[in-house]
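All remarks here apply to the structure that follows.
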Amino acid sequence: MFRRILLGCGVVAPLWWVAMDVVGSLRYPGYSYVDQTISELSAEGAPTRTFMTLVSGIPYVGLMAAFGVGVWLTAGKRRAGRLAAALLVGEAVWGMVGGIAFPMTTREAMAAGQETLRNEMHGVYGIGMPILFMLAIVFGSRLFGTQFRRYSIGTIVVLLVFGLLTALQTDAVKANEGTPWLGVIERTNAYAAMLWIAVFSGALLRAYMPGAARPLRKPALTPQRVPR
């Protein structure tokens with residue numbers, strides 16, 4: 001039961017993250033859920049920065065840490081599962097620490113020439129998050145069969161395509177120009193990642209249930225040469 005609770009955190013964590021993203025956007029006067037980035041909710045000087053850090057970020061990292069422990073325990077000797085667990089927790093912690101240490105500056109401040117070193121580092125640390133997450137997908141997909149692997153590959157494609165589309169509007173954000181549909185584009189990327197976590201959690205829960213029809217794939221055995 002304890003292990004199932006830990007694995008269940010993999011469903012609760014993404015649901016919490018998405019819910020707090022919506023709530024945070026409603027608490028920010030003048031913020032556009034459709035046209036503005038998620039990072040702007042926790043930007044330095046944003047009215048929702050404290051909310052997104054304390055109410056959204058910290059609980060999410062705690063839930064993902066619990067989920068990571070559950071994945072590690074369930075993976076057993078499967079190296080791919082343990083790597084996926086470590087990468088998922090590492091990505092969540094990386095995002096939280098980076099968001100606190102290197103927050104984005106508001107559009108207005110950047111357009112006024114008030115961009116800081118911390119804001120410049122925001123883009124640098126942000127590159128590490130999708131890399132860690134896509135590696136987690138690669139290793140996590142190895143625990144199950146072909147269908148889950150295809151879904152995982154599709155998720156990686158979505159992350160790459162919509163991540164690129166988001167990056168194309170970076171200059172417009174810095175200049176405080178219009179960024180139509182940027183919020184939707186970035187959220188398609190982020191929500192696809194959250195969905196993968198929930199699906200991965202559900203697959204692990206089904207595999208761990210007694211008498212599961214689709215157990216985890218056993219680790220491959222390296223053939224050993226028998227001495228004569």
- [ ] Take the residues in segment 160-175 that are in contact with a helix residue (DSSP H, G or I) (Cβ under 6 Å, 6 or more places away or on another chain) and of a type in the set (S, T, N, Q), then tell me which one is surrounded by the most Cβ atoms within 10 Å (Cβ to Cβ).
- [x] T166
Open item on the list: If I filter segment 14-34 for residues that are of a type in the set (G, A, S), in contact with a Pro (Cβ under 9 Å, 6 or more places away or on another chain) and surrounded by fewer than 18 Cβ atoms within 10 Å (Cβ to Cβ), do I get at least one hit?
Closed with: no
- [ ] Answer yes or no: is there a residue in segment 21-29 that is hydroxyl-bearing (S, T, Y) and either part of a helix (DSSP H, G or I) or at positive phi (or both).
- [x] yes
- [ ] Could you check, for segment 116-137, whether at least one of its residues is surrounded by fewer than 18 Cβ atoms within 10 Å (Cβ to Cβ), of a type in the set (S, T, Y) and modelled with pLDDT under 95?
- [x] yes
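Taking the condition of being out of contact with any helix residue (DSSP H, G or I) (no Cβ under 6 Å at 6 or more places or on another chain) and assigned to a helix (DSSP H, G or I), how many residues in segment 1-15 meet it? Show your work before the answer.
Taking segment 1-15 as the starting set, the residues that turn out to be out of contact with any helix residue (DSSP H, G or I) (no Cβ under 6 Å at 6 or more places or on another chain) are 1-2, 4-5, 8, 15.
Next, from what is left, pick out any that are assigned to a helix (DSSP H, G or I): 2, 4-5, 8, 15.
Total meeting the criteria: 5.
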Open item on the list: Let me confirm something: among V157, V184, which residue is surrounded by fewer than 17 Cβ atoms within 10 Å (Cβ to Cβ), of a type in the set (A, V, I, L, M, F, W, C) and touching a residue at least 40 places away in the same chain (Cβ under 8 Å)?
Closed with: V184
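Yes or no: M134 touching a residue at least 12 places away in the same chain (Cβ under 8 Å), part of a helix (DSSP H, G or I) and farther than 22 Å from V157 by Cα?
Working: touching a residue at least 12 places away in the same chain (Cβ under 8 Å): yes; part of a helix (DSSP H, G or I): yes; farther than 22 Å from V157 by Cα: no.
Here the answer is no, as M134 does not meet what is asked.
Conditions tested, residue by residue: (1) modelled with pLDDT under 95; (2) over 18 Å from I127 (Cα atoms).
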position	(1), (2)
T155	no, no
A167	yes, no
T170	yes, no
E186	no, no
Y191	no, no
W196	no, yes
V199	no, yes
Task: Residues of segment 143-154 classified as crowded, with 19+ Cβ neighbours inside 10 Å and under 28 Å from T37 (Cβ atoms), total - done: 1
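Take the residues in segment 154-188 that are polar (S, T, N, Q) and touching an Asp or Glu at 6+ places or on another chain (Cβ under 7 Å); name whichever of them is farthest from L15 (Cα to Cα).
So in segment 154-188, the residues polar (S, T, N, Q) come out as 155, 166, 169-170, 176, 179, 188.
Keeping just the survivors that are touching an Asp or Glu at 6+ places or on another chain (Cβ under 7 Å) gives 166, 176, 179.
Numbers: T166: 23, N176: 31, T179: 26 Å.
Restricting to residues being polar (S, T, N, Q) and touching an Asp or Glu at 6+ places or on another chain (Cβ under 7 Å), the top hit is N176.
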Open item on the list: Would you confirm, using the coordinates I've provided, whether A111 is modelled with pLDDT under 90 and more than 23 Å from F51 (Cβ to Cβ)?
Closed with: yes
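Please work out which residue is modelled with the lowest pLDDT, limiting yourself to segment 36-60 and to residues that are assigned to a loop (DSSP other than H, G, I, E, B) and either surrounded by fewer than 16 Cβ atoms within 10 Å (Cβ to Cβ) or aromatic (F, W, Y) (or both).
Within segment 36-60, the match that is modelled with the lowest pLDDT is G45.
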Open item on the list: Here is a list: G140, G99, G178. Which entry is of a type outside the set (S, T, Y) and loosely packed, with under 15 Cβ neighbours inside 10 Å?
Closed with: G178
- [ ] Starting from residues that are farther than 12 Å from L204 by Cβ and of a type in the set (D, E, K, R), keep the ones in segment 61-92 and report whichever is modelled with the lowest pLDDT.
- [x] K77
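In segment 66-100, which residues are among the hydrophobic types (A, V, I, L, M, F, W, C) and either without any contact (Cβ under 8 Å) to a residue 24 or more places away in the chain or not in a helix (DSSP H, G or I) (or both)? Talk me through it step by step, then tell me what you get.
As a first pass, look at segment 66-100 and keep what is among the hydrophobic types (A, V, I, L, M, F, W, C): 66-67, 69, 71-73, 75, 80, 83-89, 92-94, 96-97, 100.
Across segment 66-100, the qualifying residues are W72, A85, A86, V97.
Could you please find all residues in segment 161-176 being among the hydrophobic types (A, V, I, L, M, F, W, C) and free of Cβ contacts under 8 Å to residues at least 12 places away in the same chain? Talk me through it step by step, then tell me what you get.
Within segment 161-176, the first condition is being among the hydrophobic types (A, V, I, L, M, F, W, C), and the residues that meet it are 161-162, 164-165, 167-168, 172-173, 175.
Once the filter is applied, which keeps residues that are among the hydrophobic types (A, V, I, L, M, F, W, C) and free of Cβ contacts under 8 Å to residues at least 12 places away in the same chain, segment 161-176 yields V161, L164, A167, L168, A172.
The values are calculated or read from the model by the stated rules, or taken from the named source; none is laboratory data. Keep in mind that what you see is a predicted model, and the values were worked out from it rather than measured. Positions of Cβ are backbone-derived with ideal geometry, glycine not excepted, and every protein chain shown enters the neighbour counts.
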